[in-house]
Amino acid sequence: AAIPNGLTVEYMPWSFGLFKNPPRLVDGELEVPSGPGLGLELDEGRIARHRI
């Protein structure tokens with residue numbers, strides 16, 4: 001929303017399960033979050049399962 005020339009974004013569906021509130025795609029574009037920052041919160045439980 002703040003970068004007028006930011007036309008592309010990396011979309012990795014496998015990573016969405018790592019977030020409590022994954023980013024939403026609407027009409028092929030990432031939805032701008034209503035809260036501060038990126039609006040993402042990691043799901044620590046799911047991340048813990050992938051630790052080595």
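Nothing in this text is a laboratory measurement; each read-out follows from the coordinates by a stated rule. On a predicted model such as this, the values are computed, not experimentally measured, just so you know. Note: ideal-geometry Cβ built from the backbone for every residue, glycine included; neighbour counts use all protein chains shown.
So here's what we get for this one:
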read-out	value
Positive dipole terminus of the chain, leading residue within 28, 6, 48 (C-beta point charges)	48
Average Cα contact separation per residue, the chain, under 8 Å, 6 or more apart, as relative contact order %	35
Label-point separation in nm, residue 5 to residue 27, each point 7 Å along Cα→Cβ	2.5
For the chain, size of Cβ-based charge dipole, Lys and Arg +1, Asp and Glu -1, in debye	280
Cleavage-rule hits (trypsin sites (Lys or Arg not before Pro)) in region 3-52: DSSP loop, at most 15 neighbouring Cβ within 10 angstrom	20, 24, 49, 51
The chain - Debye-derived log10 I(q)/I(0), Cα point model, q = 0.27, 0.29 Å⁻¹	-1.19, -1.27
Selection of GluC sites (Glu not before Pro), the chain, meeting DSSP coil and at most 13 other Cβ within 10 Å	10, 31, 41
